[in-house]
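Visitor: Here you go, one structure.
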Amino acid sequence: MTTPSPTLSVAALVAAAAFSVSSMLGQESSQKAAEFHATKELSLNYLLQLPEGYDAPENASKKWPLLVFLHGAGERGNDLELLKKHGPPKLIEAGKKFPAIVISPQCPTDGWWPEEPVMELIDHAEKEFRVDSDRIYLTGLSMGGYGTWAFGSRHPDRFAALVPVCGGGVPYLMRNLPTMPIWVFHGGKDTAVPIFESERLVETLKKHGNGGVKFTVYPEAGHDSWTQAYDTPELWDWLFAQSRSKPSESVKKP
């Protein structure tokens, strides 16, 4: 894990991070590297993409959705280029234009998502950028899928929708998500994270009243169900239509 110099104060570190991020606001569309310090001991490097038109004069007061992507175990470390292998960062590098602020943090080597300051990073993003707090979305694959379930079920008031891909979580916490729009993806032949991990959470969600949870299984897919999932146009149409201020009509009691 990156540890800031002990000679710097926490306030100085946060101010430095804020300056480096603020200096990017003139950049358009492409992903940029940034660093966030939650404390002297906890920090996260991340990729940032601002949407097209973010800096346009006519959009000076416009607020934008925030998409947060959590990568898998294979992309941990201190090389942000690794994040571009999969998920939204990969799509952005290929030219996709998300109509949202996209933040993709990198988990330190040997780290685990629930242990990292992801919620603090989201707080930081809301202060630094023009984020629509009613449209914050969380998605992740494999280890990031576990992180999506963990943060989403522990902080359900912060998110408009969740998209966990080949992950797992704590069934008991599904009681916190009775109205959360969720689209779950998994491969039928996944041996790294068995499909049972998603199945039991979907079943528990339904028992707690979430009748609109979506569950897509790719019968022939192994652990890499994320390529098909993130290549699904309907996913992004559905996701960006979700808002805390206007709950999805599909999420209702059965």
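The values are calculated or read from the model by the stated rules, or taken from the named source; none is laboratory data. Keep in mind it's a predicted model, so treat the numbers as computed, not measured. So basically every Cβ, Gly included, is an ideal-geometry build from the backbone, and we count neighbours across all protein chains shown.
Visitor: Tell me which residues, restricted to region 209-235, are surrounded by fewer than 20 Cβ atoms within 10 Å (Cβ to Cβ) and under 25 Å from Thr179 (Cβ atoms).
Guide: Gly209, Gly211, Lys214, Phe215, Thr216, Val217, Thr232, Glu234, Leu235
Visitor: Could you list, in sequence order, the residues of region 143-196 that are of a type in the set (S, T, N, Q) and touching a residue at least 24 places away in the same chain (Cβ under 8 Å)?
Guide: Thr148, Ser153, Thr179, Thr191
Visitor: Would you please name the residue that is farthest from the chain's Cα centre (by Cα), looking only at residues in region 217-254 that are modelled with pLDDT of 95 or more and aliphatic (A, V, I, L, M)?
Guide: Looking at residues that are modelled with pLDDT of 95 or more and aliphatic (A, V, I, L, M), I get Ala221.
Visitor: Also, I was wondering about something else. Considering only region 191-208, I want to know if a residue exists there that is surrounded by fewer than 16 Cβ atoms within 10 Å (Cβ to Cβ), more than 14 Å from Tyr137 (Cβ to Cβ) and among the aliphatic types (A, V, I, L, M).
Guide: For region 191-208, residues surrounded by fewer than 16 Cβ atoms within 10 Å (Cβ to Cβ), more than 14 Å from Tyr137 (Cβ to Cβ) and among the aliphatic types (A, V, I, L, M): present.
Visitor: Okay, moving on. Tell me which residues, restricted to region 117-169, are over 23 Å from Leu50 (Cβ atoms) and in a loop (DSSP other than H, G, I, E, B).
Guide: Ser142, His155, Cys166, Gly167, Gly168, Gly169
Visitor: Search region 43-62 for residues being within 26 Å of Asp79 (Cβ to Cβ) and among the polar types (S, T, N, Q), and hand back the single one that is surrounded by the fewest Cβ atoms within 10 Å (Cβ to Cβ).
Guide: Only one residue tops the list, namely Asn45.
Visitor: Continuing with this model, one more query. Which of (1) surrounded by fewer than 19 Cβ atoms within 10 Å (Cβ to Cβ); (2) within 16 Å of the chain's Cα centre (by Cα); (3) at positive phi does Gly87 not meet, given it meets every other one?
Guide: Of (1) surrounded by fewer than 19 Cβ atoms within 10 Å (Cβ to Cβ); (2) within 16 Å of the chain's Cα centre (by Cα); (3) at positive phi, only one is false for Gly87: (1).
Visitor: Report yes if some residue within region 180-198 is aromatic (Phe, Trp, Tyr), in contact with a Pro (Cβ under 7 Å, 6 or more places away or on another chain) and farther than 12 Å from Cys166 by Cβ; otherwise report no.
Guide: Looking for residues that are aromatic (Phe, Trp, Tyr), in contact with a Pro (Cβ under 7 Å, 6 or more places away or on another chain) and farther than 12 Å from Cys166 by Cβ, one finds none in region 180-198, hence no.
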